[in-house]
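A short reminder: the numbers here are calculations on the coordinates, not readings from a lab. Keep in mind it's a predicted model, so treat the numbers as computed, not measured. FYI the Cβ positions are ideal-geometry reconstructions off the backbone, even for glycines, and counts take in every protein chain you see.
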Amino acid sequence: MKNANSDLKIDGIDKEILRNLMDNARKPILEIARKIGISGAAIHQRLRKLEASGLISGSKFIINPKILGYKTMAFVGVYLDKAVSNPLAVKQLKDIPEVIECHYTTGNWSIFIKILCRDNEHLMHVLNKNIQAIEGVSRTETFISLDQQIDRQIQL
């Protein structure tokens, strides 16, 4: 498989290493090495190559927001009065901790965001007091997620 943006080529061994780590980023390298049949040093070398290429970047822990009391997930389409308002709006959205994703989009909205709130009352507060108060935001359209049915990365 060749990456369109570089000369990076990943082979079956790279894919197997990545699949193992995507499944569990804490899986010991030596366990993966034994499973694949190559040395731990070879895996480290391949991972360094993949990191240097930009294909992978670090690892992270996934926090379950429901355990912390954040039970309402919503997607919000943000309408801006003009396109030049985008950089300022995004800067202010970054200051709202409940905003966990922000996308510049085509279509009806200028910006599409994903937010996590404790409940509907908290969501209403974030929308009314934080998001709709941003200069340049003319209105919003909100979709509450009832259940996340698919959560995955791209397959290798």
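Let me have the relative contact order for the chain, percent, based on Cα pairs under 8 Å that are six or more residues apart. Provide the component values of the computation, followed by the final result.
Numbers: 170 pairs, mean separation 36.1, N = 156.
23 percent.
Relative contact order for the range 72-145: what is it in percent, counting Cα pairs under 8 Å that are at least 6 residues apart? Mind dumping the intermediate values first?
Values: 124 pairs, mean separation 37.9, N = 74.
Across the range 72-145, relative contact order equals 51 percent.
Can you work out the Karplus-derived ³J(HN,Hα) for every residue in the range 91-103? Use 6.51 cos²θ - 1.76 cosθ + 1.60 with θ = phi - 60°, whole Hz, and x for glycine or proline.
Here the 3J(HN,Hα) series is 4, 6, 4, 4, 7, 9, x, 6, 7, 10, 8, 8, 10 Hz.
For the chain, what does the helix formula give at 222 nm: sum of -39500 (n - 2.57) over DSSP H segments with n ≥ 4, over the residue count, nearest 500 deg cm²/dmol? Intermediate results must be reported in sequence, preceding the final value.
Working: 5 runs with 49 residues, N = 156.
Computed mean residue ellipticity for the chain: -9000 deg cm²/dmol.
Can you give the angle from 0 to 90° between the axis of helix 40-53 and the longest principal axis of the chain, with both taken from C-alpha atoms, to the nearest 10?
Between helix and principal axis, roughly 40 degrees.
Which of 45, 144, 72 sits closest to the plus end of the dipole of the chain, meaning its Cα is farthest towards the positive end, when Lys and Arg get +1 and Asp and Glu get -1 on the C-beta?
With unit charges placed on the Cβ atoms, the residue in question is 45.
Between (i) 59, 25, 23; (ii) 47, 33, 24; (iii) 57, 37, 24, which entry matches Cα extents along the principal axes in Å as derived from the coordinates of this structure?
(iii)
Which value, in debye to the nearest 20, gives the size of the charge dipole of the chain about its Cα centre, when Lys and Arg are +1 and Asp and Glu are -1 at the Cβ? Mind showing how you got there, number by number?
Working: 22 positive and 17 negative charges, 117 e Å.
For this selection, approximately 560 debye.
Which of the listed residues, 36, 123, 55, is farthest toward the dipole's positive end in the chain, when Lys, Arg count +1 and Asp, Glu count -1 at the beta-carbon?
Comparing the listed Cα positions along the dipole, 36 ranks first.
Multiplying the sequence separation of residue 53 and residue 129 by 0.36 nm and subtracting their Cα-Cα distance, what value in nm do you get?
Values: separation 76, 0.36 × 76 = 27.36 nm, distance 4.21 nm.
Length gained, residue 53 through residue 129: 23.2 nm.
Spin-label point model (7 Å from Cα, Cβ direction): what's the residue 142 to residue 95 distance in nm?
It works out to 2.1 nm between the two label points.
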